[in-house]
Amino acid sequence: MKAIETKLKGCFILEPTVFEDERGYFFESYNENKMEGILGYKPNFVQDNQSNSSYGVIRGLHMQAGEHSQAKLVRVVEGAVIDVAVDARVDSPTFGQSVAVELSADNKRQLFIPRGFLHGFSVISEKATFFYKCDNGYNKASEDGINPLDKELNIDWGIPVDKMIISEKDQEAQSFEIFKNK
């Protein structure tokens, strides 16, 4: 597995070693010892989640705050997405900066997103099945988020505005300006 640290400290693109032959392919999607070697600590993933969405869907930007914060290891098992991580750690030199990575069933890339980050993705294929591991359970009271179309963050979701499908909850989410001034 090849690990590429993004400009956001602790946020890694992971490229697996894929073995292909006439039968298909095989790759190791997760190895605790390799992750410990990359991160410098052993993540304790406690929950797996999966979603399926159609073209134009944007999910995010979401996070859980405080003691319920989550690190995530995300990948796509069908289709393709633009996956986005935003550094929401107020003491970080990259606070408010983001990375966007295309994850697809074809490229088999994964993104490790540390605790303290906002996360979202847009579906750029006809449909996509998105899978992720979390190192902390879901806690509704700790939910936080930013409108994915926030002008200050200015994220390019790769979807024309008239084709975007965004939940009411995400459309009504706070601005980054309000978030950073809490």
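The values are calculated or read from the model by the stated rules, or taken from the named source; none is laboratory data. Predicted, not measured: the structure shown is a model, and the values here were computed from it. Cβ placement follows ideal geometry from the backbone for every residue including glycine, while neighbour counts extend to all protein chains displayed.
Which one is farthest from GLU36 (Cα to Cα), of the residues in the range 85-102 that are charged (D, E, K, R) and in a strand (DSSP E or B)? So the residue we want is GLU102.
Checked against the criterion of being more than 16 Å from the chain's Cα centre (by Cα), part of a loop (DSSP other than H, G, I, E, B), surrounded by fewer than 17 Cβ atoms within 10 Å (Cβ to Cβ) and not β-branched (Val, Ile, Thr), the candidates LYS34, LYS9, LYS42 yield just one match: LYS42. Picking from residues in the range 136-182 that are assigned to a helix (DSSP H, G or I) and not charged (D, E, K, R), the one that is surrounded by the most Cβ atoms within 10 Å (Cβ to Cβ) is PHE179.
Looking at ALA128, ALA88 in this structure, which one is under 20 Å from PHE179 (Cα atoms) and buried (at least 21 other Cβ atoms within 10 Å of the Cβ)?
ALA88
Scan the range 105-146 residue by residue and report those that are within 12 Å of the chain's Cα centre (by Cα) and among the aliphatic types (A, V, I, L, M). Residues satisfying the conditions are LEU111, ILE113, LEU118. Contact map, the range 5-17: residues that are closer than 12 Å to ALA85 by Cβ paired with residues that are among the polar types (S, T, N, Q) and at pLDDT 95 or above, Cβ distance under 6 Å, separation 6+ or inter-chain. Pairs shown: LEU8/THR94. Annotation note: Cβ proximity below 9 Å between a residue of the range 164-182 that is in contact (Cβ under 8 Å) with a residue 40 or more places away in the chain and a residue that is surrounded by 12 or more Cβ atoms within 10 Å (Cβ to Cβ) and basic (Lys, Arg) (sequence gap 6+ or interchain) occurs for ILE166/ARG59; SER167/ARG59; ASP170/ARG59.
Taking the stated definitions as given, is SER54 in contact (Cβ under 8 Å) with a residue 40 or more places away in the chain, closer than 23 Å to ILE124 by Cα and among the small types (Gly, Ala, Ser)? Taking the combined requirement at face value, the residue satisfies it.
Restricting to the range 103-121, give me the number of residues that are in a strand (DSSP E or B) and either under 15 Å from GLY60 (Cα atoms) or without any contact (Cβ under 8 Å) to a residue 24 or more places away in the chain (or both). Residues flagged as in a strand (DSSP E or B) and either under 15 Å from GLY60 (Cα atoms) or without any contact (Cβ under 8 Å) to a residue 24 or more places away in the chain (or both) within the range 103-121 amount to 6.
Condition check ((1) surrounded by fewer than 16 Cβ atoms within 10 Å (Cβ to Cβ); (2) touching a strand residue (DSSP E or B) at 6+ places or on another chain (Cβ under 6 Å); (3) in a strand (DSSP E or B)) across all residues:
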| site | (1), (2), (3) |
| --- | --- |
| SER51 | yes, yes, yes |
| GLY60 | no, yes, yes |
| GLN70 | no, yes, no |
| ASP83 | no, yes, yes |
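Scanning the range 12-31 for residues that are among the charged types (D, E, K, R) and under 19 Å from the mean Cα position of the chain (by Cα) yields a total of 1.
Rundown of residues vs (1) closer than 23 Å to ALA100 by Cα; (2) at pLDDT 95 or above; (3) out of contact with any His (no Cβ under 9 Å at 6 or more places or on another chain), yes/no style:
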| position | (1), (2), (3) |
| --- | --- |
| MET1 | yes, no, yes |
| ILE4 | yes, yes, yes |
| LEU8 | yes, yes, yes |
| CYS11 | yes, yes, yes |
| LEU14 | yes, yes, yes |
| PHE19 | no, yes, yes |
| GLU22 | no, yes, yes |
| LYS42 | no, no, yes |
